[in-house]
Structures are given as structure tokens and as C-alpha cells.
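Here the structure is laid out as C-alpha cells; the discussion comes afterwards.
The values are calculated or read from the model by the stated rules, or taken from the named source; none is laboratory data. What you are looking at is a predicted structure, and each value in this text was computed from that prediction instead of being measured. Glycine gets a Cβ as well: all are built from the backbone with ideal geometry, and neighbour counts include every protein chain shown.
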Amino acid sequence: MRIVEVTSTDDLNPAAILAIAHGARIELQPALLATVSARRTEVLRALADGRPVYGVNTGMGAQSDVRLDPAEQSRHQNNLLLARAVGGPPWLSRLQVRALYAVRLRTFLTGDAGVSPELMELLAAFLNADLMPAVPRTGYGNAGEIIPLAHAFGPLTGIGAVLAGDTTAAAATALRDAGLAPITLGPKEGIALLQGIPGATALALLIVERARTQLDQWMTALALSTAAIGAPRDLYDAALARGDAALQTVNTAMRQRIAGTADNRRVLQAPVSFRVASAALAHLLRSIEAVEQAIDRALNGVTDSPAFVDGQFHGTAGFHGIDLAAHLDGLTVAIVHIAEGGLTRTHRLLDSRFTGLPAQLAPRPGPDTGLITVHKRSAGVVHRMRRAAMSTVVGSIETSFGQEDMQTFSWEAAINTADTLADAADVLAGELLVATQAISLGETGLGPALHNAQDAVRAVVPPIERDRIFGPDLEAIRELLENGDL
């Protein structure tokens, strides 16, 4: 099993966070923990003078003008994780929670939160024991992520629930079974666990990973469809991508995929869904890159509040999440646009006017219906996806008696994009099933890359010689896509 050794913030980069999300162990090195301890000492020294520090010796939100006495302060940090845990199922997956924990550790390494090494060690211990809290997946967006984060980190103190197969188990019991003891949070540690946008950041990292894989898969589907319909290929010439690095990347990849495939050109000009596909894919690539840049800013910027910077506590807007939310919304729109193109190409491939093949790609048109209803399924999915293209960052709702009077719903933006990617995989599977059937019926001579892609689909989808239930075939292709085996 891979081990991620962490001696500095650079060691918990996006690649390392993804490795941890997928199951790698994490080891916080002694030198790093010594640095964390020194920073913790600075924070405690700064708190000792009794000046009001939001959420530490005061209440939160509309209660921030209430000063807490020493006895209240000693209980306050643990209490912050209680009443804010108002969520419920469905829960994030283990993969998503592991990413969230890794991002939380990464943001703590900046020193802005000033948490103790003991808290960071317990976060790492949860990951290494694969002890993953039950974190509500959706429906709880607000100013920041306090509701899901209360669920995510309450189990550190022995409250709440953790994932246990298809159900949940009491955190206190799971801690005991794992040989771990709950922590009593010290000054500022409870509010630090609730601050920033580690959830949206973690989800965005997983989204980008999946979106890059799906981008490659869409290019393969486009190349198969281009070969099946006999569409012109000059659209992918390098000269046509002048001044556009993303388009150059896509066109290069398309030429590599289609190399060696017989050029059975049927038309002078293909339908628009074929002609604009490389431009749409280039836009998807740019949208992915924009989210990656926003992730980098979230991992390296000041997201704690109050943040301990230059020896003082500062209130910040690190919880606001507009950067990530807006770019995730942009990525969602790009994905929907790609899926609309895939849906349209699927329809063209089923039409004998464009392919010269049997109607609806049925081996025996008339007695057999063929694959026309695959298009209908994809049409329903795209119809749902279009609603997801509505912006999540527009529409603030005032809460906390006006103390929190503006939101971005960045958590919801991330969930929306993740769901849209999953829907796009459904449409992609439909195009692949139809394109590979068209190639089989047309006996198109394929080059090495497309031959391998055709074989990969055929390995999970038997030859279509007559009508059958095609749902299992689509699910098999979706699993192929999910595993990255295309």
C-alpha cells in the first residue's frame, strides 16, 4: 500500500490528496509535528490576553457579542460540533470523505488555524483506520460548510456516526473498536474544524480527476462516431487550432485516435454535432483547468476564520467559496454541452440517411427495433442535465437573523457538478454502444487506437444480432468507463 509521508505542505499536493482518497496511508513526520506544535504555542499565547476572538471566547453567528467565561470556553469547542449537525442521508462516499479529511489536514498545515499536533494526528489516524464519518451529501449549503463539517469532524470527539457498509455505526463505538480515543478539543480547534471550504475543495479534486478521464473517453467516442458515419476529418488538422492550446491538445488527440482508420468519407460536410465537437471538448478542457486553478487557490490561500496570520487573529472570507463555486458551475455547463453533442451524434448514427446502414442499426429492420430507444434514454438524461446547468451561486438566502446574509452554496455546486458528470457517463455509454454497433455493421477498417476501443466495448457487450434487453449492455459500458478501461 502506498504511504504518503508528509514533512511540509508541499507533500500534501493535489496528487497526494487523491492518492489518500483512493486508500493510501498518511504519515505525519516528527519535524512537521514539531512545527505544528510551535505554531500552536504561538496561538495559545495570543489567546491568553483575553481579547475577544470570534468563536473562541465568544459565541458564533448572531451570538458573537456574547462573551464566554472560562468554564464555557472549555466546553465550547466540542459543543460547536453538536447542534450544527442537522444533516442526514444520503451520505458522501468513503472516497469523498477520505478526500475531505486529506484536504482538512492540508489546510491545517498552513498554520492559520493553529491547531494542535494531537488533532492532526487523530485526523491521520482516522484515515489510516479507514474510519470515515457519515457526512450528508447534499441539501445543506449555506455560508460556508458548517453543517456537513460538523458531521465530518464530530466523530473525532466521539459524537455522531461513521460509515459501516451500507449503514452507519455510532462513532464512539467505532473509535473504541479501532483502538482510538476521542479528543477533547482545545481553544480554537472546534471552530477551525468548521471553517473554510475543505468539502467543496475535496469534491472538486475528485471531479477534476473524473472529468479528465471522461474527456479522454469522449474523444474516443467522437473518433468512433466519426469513423462510423464517414465524417470528414480535416476538422482535426493542427493548423485549425492556431492560438488555442486547448484545441491543439484535443485535435492532436483526435488525430492519434483516428490514425490508420479507413477514410470512408460519405459527406462533404457532416452535421454540426460532429463539426463543433473538438471545439466543445477544448472548452471542457479549459473549464477543467479553471477548476484546477481554483483548487490551487483554495489549498494555498487563507481559508480559516479567524485566521492567525502575522501574530494576529483576522476575520476572513475563506468560507465564501465563490471562486470554486463559479468555476464548478462553468464546468457543469461545459459537461452538459458535451452531453448534448453526444446525444445528437447518437441520433445521427441511428439514421440510415447519414450512415447508409440499416435503420436504427437493427440487424433486421422491422422485426427488430434496434437501438433507437438507447437514444430515448439518453434524451431523458440530457433533459435532466439541462436543469443542472442553472447557476448555484445565484440566489442568496439570509440566515442567522441577518448575520449570514450572503451565500455561494459552493458545496452544492460541487455536488451538482459531480452528479452531472455521472449523468454524462450515461449519455457517453449510449454513444459508445451505438457507434460500436454502427462500426460492426459497416465493417469499418479501424486503426490501432479505435480497434482497441472497439474491442474494449465488445469485451463487455456481446455482438448485437437481434433485439434484446440493452439496459445491461449500457450498465456494462458505464462500469468500463468508471474503471477507466476505455
> Looking at this structure, is residue 274 among the hydrophobic types (A, V, I, L, M, F, W, C) and either without any contact (Cβ under 8 Å) to a residue 40 or more places away in the chain or in contact with a Gly (Cβ under 6 Å, 6 or more places away or on another chain) (or both)?
Replying inline: no
> Only one of these conditions is not met by residue 221: (1) touching a residue at least 24 places away in the same chain (Cβ under 8 Å); (2) hydrophobic (A, V, I, L, M, F, W, C); (3) assigned by TED's automatic domain parsing to the domain that holds residue 152. Which number is it?
Replying inline: (3)
>> Name the single residue that is nearest to residue 231 (Cα to Cα) among those in segment 259-275 being surrounded by 15 or more Cβ atoms within 10 Å (Cβ to Cβ) and within 30 Å of the chain's Cα centre (by Cα).
In response: 274
> Only one residue in 16, 38, 46 is farther than 30 Å from residue 398 by Cα and without any contact (Cβ under 8 Å) to a residue 40 or more places away in the chain. Which one?
Replying inline: 38
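Taking the condition in a strand (DSSP E or B), among the aliphatic types (A, V, I, L, M), touching a strand residue (DSSP E or B) at 6+ places or on another chain (Cβ under 9 Å) and under 24 Å from residue 134 (Cα atoms), does residue 17 pass? Don't jump to the end; show me each part of the working.
On the way: in a strand (DSSP E or B): no; among the aliphatic types (A, V, I, L, M): yes; touching a strand residue (DSSP E or B) at 6+ places or on another chain (Cβ under 9 Å): yes; under 24 Å from residue 134 (Cα atoms): yes.
For residue 17, the condition - in a strand (DSSP E or B), among the aliphatic types (A, V, I, L, M), touching a strand residue (DSSP E or B) at 6+ places or on another chain (Cβ under 9 Å) and under 24 Å from residue 134 (Cα atoms) - is not met.
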> If you go through segment 175-187 one residue at a time, do you hit one that is over 30 Å from residue 258 (Cβ atoms) and surrounded by 24 or more Cβ atoms within 10 Å (Cβ to Cβ)?
Replying inline: yes
> Among the candidates 87, 111, 55, which residue alone is over 29 Å from residue 161 (Cβ atoms), part of a loop (DSSP other than H, G, I, E, B) and either in contact with a helix residue (DSSP H, G or I) (Cβ under 7 Å, 6 or more places away or on another chain) or at pLDDT below 90 (or both)?
Replying inline: 111
> Which of the residues belonging to segment 180-208 are more than 30 Å from residue 51 (Cα to Cα) and either in contact with a His (Cβ under 8 Å, 6 or more places away or on another chain) or touching a residue at least 24 places away in the same chain (Cβ under 8 Å) (or both)?
Replying inline: 180, 199, 200, 201, 202, 203, 204, 205, 206, 207, 208
> Considering 245, 307, 239, which residue is among the small types (Gly, Ala, Ser) and surrounded by 13 or more Cβ atoms within 10 Å (Cβ to Cβ)?
Replying inline: 307
>> Out of 261, 332, I need the residue that is touching a residue at least 24 places away in the same chain (Cβ under 8 Å), under 24 Å from residue 416 (Cα atoms) and either among the hydroxyl-bearing types (Ser, Thr, Tyr) or not assigned by TED's automatic domain parsing to the domain that holds residue 415 (or both). Which one?
In response: 332
